[in-house]
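Asker: The structure follows.
The values are calculated or read from the model by the stated rules, or taken from the named source; none is laboratory data. From a predicted model like this one, the values you see are computed outputs, not experimental measurements. When we count neighbours, we look across all protein chains shown, and the Cβ atoms used for this are built from the backbone with ideal geometry, even at glycine.
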Ligand code: FES
Ligand code: FES
């Protein structure tokens with residue numbers, strides 16, 4: 001049994017847990033407000049035209065002190081005299097469509113001609129842009145007010161300039177498609193006014209009148225991704241595509257059991273291989289979120305670096321290495337489940353009493369495995385150490401944190417760190433951690449030229465920050481009216497520091513609000529774990545909702561109730577202790593939850609008669625500020641082969657920015673959730689990861705993907721929230737509930753292929 | 001010195017490149033054609049798909065020394081073929097890409113499918129596209145885009 005706590009692993013875990021809290025920490029009822037002094041123009045009169053950016057409070061940036069080209073680097077919007085409009089997207093594009101959405105939000109308020117807007121990736125400078133990460137489905141809610149004000153502010157300055165030139169009242173001027181016009185017949189393009197506008201005073205953001213939803217011309221429609229033309233023609237976009245003059249290539253090999261250190265390696269043999277330029281040990285910081293010890297091989301191209309890596313023989317010091325075993329964890333959790341912990345983490349009402357007086361009770365044990373992120377672009381970063389500066393090009397989800405990470409591992413000051421954000425070939429939470437970026441920088445310190453560190457797919461499987469496994473022992477009671485009366489949950493999970501849950505291994509906040517019973521008790525037991533864990537698309541919710549919503553179905557069946565009615569009753573039960581204390585930070589709403597459940601039932605044809613062997617299942621979740629219900633209609637044959645006939649997703653994330661992108665997230669998250677529920681599992685034995693490539697990790701493929709996924713959006717005037725995660729969690733329980741209604745067999749563990757199912 | 005025929009042009013590969021190097025890495029590291037992607041290196045993901053004499057091939061598995069005089073088409077050149085252009089347009093029309101990383105390989109497989117089967121059925125699509133993983137789950141739109149492109153070719 002692993003017992004000893006590795007302090008540097010615990011430190012790494014604390015960093016990731018804090019990161020995950022920060023990433024999620026966003027007011028649900030609106031973005032961070034902007035003060036008067038935060039909004040500024042970057043260029044005065046001049047060839048640059050109108051360039052608008054932002055200060056953050058407390059930062060003494062003098063716009064006038066910044067010269068020439070730099071001015072555009074701190075910008076959100078640049079309107080040039082040639083009528084070109086450039087909008088800078090401050091956050092990483094990881095496939096969530098943020099570069100398109102950010103542009104649309106600004107262009108909407110600016111009344112810009114979207115067909116002629118150029119989107120560019122902003123430089124990484126949190127002093128100017130504030131948070132520049134992508135994670136927790138919070139990019140949109142964080143930036144919503146800021147971006148709308150940027151667009152409206154620039155438009156106000158253009159209008160002011162036109163009003164002055166035309167000697168008319170600004171209120172009579174209308175804006176459309178990058179043109180201003182006046183009833184007198186006067187009109188002008190934004191470009192022709194750009195220099196004059198730059199001389200107008202910057203408006204107070206609070207004075208700006210933002211559009212009502214009914215006035216939107218761009219938001220809510222279907223749009224093409226701004227980078228699509230480059231994606232479909234294979235132009236360089238991703239981290240892996242970075243090419244620099246005199247660049248060399250590196251591989252990096254760490255101990256297959258996390259925590260092992262290099263004793264020695266076959267240095268002379270590797271060094272002698274043709275094309276190998278150098279090889280050396282990197283001690284690292286021993287912190288998994290930074291640089292773990294390993295052997296770097298620098299070569300003239302990637303293939304040579306990979307070939308040499310295959311020849312590498314390392315003698316590892318395994319004294320502090322992980323000995324984790326998933327078989328052991330499963331067996332232990334099952335035993336631990338039997339005794340509820342002495343100190344519950346939540347205890348509302350009187351659970352014991354409720355069980356004693358219950359009309360009916362039911363108990364069940366659920367479990368799900370570790371999972372890897374496996375984004376399709378293997379981790380990489382290009383780094384260049386020159387002139388006392390560490391400069392990197394990286395596909396990160398947290399470039400802003402990279403500044404401090406790189407300063408720490410290289411020993412330079414943060415102002416000597418330059419990070420260029422590339423497009424990201426899939427995030428799913430994996431790239432919230434900048435380990436590969438730190439490794440590239442550590443290697444670059446020893447190489448005179450730019451060096452691209454390229455992980456193999458096997459490196460990616462071996463050194464992830466995994467979605468932790470989890471084990472839930474439930475007991476529930478229904479009263480004589482068939483309503484949920486008591487809920488007891490014993491959650492067996494993991495700890496890295498022996499005190500609190502490892503990152504991503506805690507009971508989620510979302511479930512605390514959305515599992516509502518008058519008598520409710522939850523307790524947690526933790527098993528020590530060395531292998532690092534982290535954020536995996538909809539952390540916690542991605543698996544806990546499966547257990548919770550499946551058990552909810554068991555309860556409604558026990559009660560003999562219609563499942564949808566049972567869910568609606570439960571979600572509308574008033575339990576003051578469970579209600580969000582501050583609606584400004586938590587937007588959970590029983591009314592919004594009820595609406596998605598009802599519409600999902602209606603769209604899925606709830607209650608219709610299905611043929612023998614077919615089933616319809618429904619589940620819902622409140623996740624990442626979104627309210628979502630999902631239904632799956634399927635049939636199962638005698639060989640347990642599942643055919644999915646239709647998936648219905650109903651989502652309330654407030655108003656939709658880009659309908660094509662939002663629908664893509666609903667489809668993608670449902671497909672990802674099917675893939676994960678059917679086949680994905682990471683096994684660990686003796687601290688080593690068993691699955692080494694996609695052949696061991698059966699990611700869903702075209703023939704097995706659902707052919708019908710209907711997404712419906714309940715749009716409202718609530719502030720918009722993110723779409724990257726909420727459409728994942730409720731899928732798996734909807735699938736399991738559908739399998740039950742088709743076959744009578746309850747799915748209490750994942751992945752389904754372990755139970756003999758296939759698609 | 002190897003002489004390769006890539007996207008209708010002759011490209012030279014120097015003697016410093018081991019002929020056992022997979023075509024993928026020669027394209028990416030030596031010929032500045034980075035559109036073909038590395039995803040797995042073991043013929044599992046299809047991100048590296050190119051056409052060799054019109055047939056879809058995993059370029060991570062084909063050594064550059066074995067390419068010979070065969071015509072190689074990559075994502076950078078496929079738009080010059082009628083079906084390639086149709087597929088690319090169909091991809092953009094319904095916003096197929098999410099992260100976009102798999103899409104070069106998907107487009108190469110889809111174009112090869114249309115070249116051999118102008119009006120593919122669902123099972124033709126399944127068979128032709130089964131070798132390409134999309135981690136973002138864009139399959140539903142890939143299927144639709146292939147059908148849309150096929151409808152335009154008749
Ligand atoms: S990289 Fe060639 S098939 Fe995955
Ligand atoms: S679009 Fe991301 S892997 Fe396919």
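Asker: Does any residue of the stretch B:4-11 turn out to be within 10 Å of chain A (Cβ to nearest Cβ) and more than 17 Å from residue A:236 (Cα to Cα)?
Answerer: First, pick out the residues of the stretch B:4-11 that are within 10 Å of chain A (Cβ to nearest Cβ): none.
There is no residue in the stretch B:4-11 that is within 10 Å of chain A (Cβ to nearest Cβ) and more than 17 Å from residue A:236 (Cα to Cα).
Asker: Moving on. Filtering the stretch B:18-29 down to residues that are touching a helix residue (DSSP H, G or I) at 6+ places or on another chain (Cβ under 6 Å) and more than 7 Å from chain A (Cβ to nearest Cβ), which residue is surrounded by the fewest Cβ atoms within 10 Å (Cβ to Cβ)?
Answerer: Across the stretch B:18-29, the extreme among qualifying residues is B:19.
Asker: Only one of these is within 22 Å of residue A:423 (Cβ to Cβ) and either at the interface with chain A (Cβ under 10 Å from one of its Cβ atoms) or within 15 Å of ligand 2 (Cβ to nearest atom) (or both): B:94, B:140. Name it.
Answerer: Testing whether each residue is within 22 Å of residue A:423 (Cβ to Cβ) and either at the interface with chain A (Cβ under 10 Å from one of its Cβ atoms) or within 15 Å of ligand 2 (Cβ to nearest atom) (or both) leaves just B:94.
Asker: Something else now. Scan the stretch B:33-54 and report the pairs whose first residue is without any contact (Cβ under 8 Å) to a residue 12 or more places away in the chain and whose second residue is more than 7 Å from ligand 1 (Cβ to nearest atom), with Cβ atoms within less than 8 Å and a gap of 6+ or a chain change.
Answerer: What qualifies is B:34/A:234; B:34/A:236; B:34/A:240; B:34/A:241; B:34/A:243; B:34/B:27; B:34/B:28.
Asker: Take residue A:134 and tell me if it is buried (at least 24 other Cβ atoms within 10 Å of the Cβ) and within 21 Å of residue A:429 (Cβ to Cβ).
Answerer: yes
Asker: Looking at residue B:102, is it in the same structural domain as residue B:135 (by TED's automatic domain parsing), under 17 Å from residue A:241 (Cβ atoms) and within 16 Å of ligand 1 (Cβ to nearest atom)?
Answerer: In short, yes.
Asker: Which residues, counting only those in the stretch B:69-91, are more than 8 Å from chain A (Cβ to nearest Cβ) and without any contact (Cβ under 8 Å) to a residue 24 or more places away in the chain?
Answerer: Correct list: B:85 only.
Here is a yes/no grid of residues against (1) touching a strand residue (DSSP E or B) at 6+ places or on another chain (Cβ under 8 Å); (2) away from chain B (no Cβ under 14 Å); (3) within 16 Å of ligand 2 (Cβ to nearest atom); (4) not in a strand (DSSP E or B):
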residue	(1), (2), (3), (4)
A:428	no, no, yes, yes
A:436	yes, yes, no, yes
A:441	yes, yes, no, yes
A:449	yes, yes, no, yes
A:453	yes, no, no, no
A:458	no, no, no, yes
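Asker: A further question on this structure: With respect to residue B:66, determine if the residue is at the interface with chain A (Cβ under 10 Å from one of its Cβ atoms) and either surrounded by 24 or more Cβ atoms within 10 Å (Cβ to Cβ) or out of contact with any helix residue (DSSP H, G or I) (no Cβ under 7 Å at 6 or more places or on another chain) (or both). Reasoning before the result, please.
Answerer: Details: at the interface with chain A (Cβ under 10 Å from one of its Cβ atoms): no; either surrounded by 24 or more Cβ atoms within 10 Å (Cβ to Cβ) or out of contact with any helix residue (DSSP H, G or I) (no Cβ under 7 Å at 6 or more places or on another chain) (or both): yes.
Considered against the rule, which asks whether it is at the interface with chain A (Cβ under 10 Å from one of its Cβ atoms) and either surrounded by 24 or more Cβ atoms within 10 Å (Cβ to Cβ) or out of contact with any helix residue (DSSP H, G or I) (no Cβ under 7 Å at 6 or more places or on another chain) (or both), residue B:66 comes out as no.
Asker: Taking the residues in the stretch A:706-722 that are within 11 Å of chain B (Cβ to nearest Cβ) and within 22 Å of the chain's Cα centre (by Cα) as candidates, determine which candidate is nearest to residue A:589 (Cα to Cα).
Answerer: The residue in question is A:711.
Asker: Determine, yes or no, whether residue B:99 is touching a strand residue (DSSP E or B) at 6+ places or on another chain (Cβ under 8 Å) and facing chain A (nearest Cβ under 7 Å).
Answerer: Working: touching a strand residue (DSSP E or B) at 6+ places or on another chain (Cβ under 8 Å): yes; facing chain A (nearest Cβ under 7 Å): yes.
Yes.
Asker: Here's a follow-up. Quick one: is residue B:84 within 15 Å of ligand 2 (Cβ to nearest atom) and buried (at least 24 other Cβ atoms within 10 Å of the Cβ)? Reasoning before the result, please.
Answerer: On the way: within 15 Å of ligand 2 (Cβ to nearest atom): no; buried (at least 24 other Cβ atoms within 10 Å of the Cβ): yes.
Judged against the criteria, residue B:84 is not a match.
Asker: Would you be able to tell me the number of residues in the stretch A:303-354 that are in a helix (DSSP H, G or I) and out of contact with any helix residue (DSSP H, G or I) (no Cβ under 7 Å at 6 or more places or on another chain)?
Answerer: 22
Asker: Follow-up. Yes or no: residue A:689 crowded, with 24+ Cβ neighbours inside 10 Å and more than 9 Å from chain B (Cβ to nearest Cβ)?
Answerer: Values: crowded, with 24+ Cβ neighbours inside 10 Å: yes; more than 9 Å from chain B (Cβ to nearest Cβ): yes.
In short, yes.
Asker: Restricting to the stretch A:197-246, give me the number of residues that are surrounded by 20 or more Cβ atoms within 10 Å (Cβ to Cβ), farther than 20 Å from residue A:97 by Cβ and more than 14 Å from chain B (Cβ to nearest Cβ).
Answerer: So the answer is 3.
Asker: Can I ask one more? In the stretch B:45-58, which residues are facing another protein chain (nearest Cβ under 9 Å) and either away from ligand 2 (no atom under 13 Å from the Cβ) or under 10 Å from the mean Cα position of the chain (by Cα) (or both)?
Answerer: B:47
Asker: If a residue counts only when it is closer than 16 Å to residue A:348 by Cα, which helices (runs of 4 or more DSSP H) contained entirely in the stretch A:475-574 have at least 1 such residues?
Answerer: Qualifying helices (runs of 4 or more DSSP H): A:509-514, A:563-571.
Asker: At pLDDT below 95, more than 16 Å from ligand 1 (Cβ to nearest atom) and more than 7 Å from chain A (Cβ to nearest Cβ): is that true of residue B:153 in this structure?
Answerer: Yes, satisfied.
Asker: Of all residues in the stretch A:247-265, count the ones that are away from every other protein chain (no Cβ under 12 Å), in contact with a strand residue (DSSP E or B) (Cβ under 8 Å, 6 or more places away or on another chain) and either part of a loop (DSSP other than H, G, I, E, B) or modelled with pLDDT under 95 (or both).
Answerer: The number of residues fulfilling the criteria is 4.
Asker: I need the full set of residues from the stretch B:30-63 which are within 14 Å of ligand 1 (Cβ to nearest atom) and surrounded by fewer than 18 Cβ atoms within 10 Å (Cβ to Cβ), in order please.
Answerer: Result: B:42, B:43, B:61, B:63.
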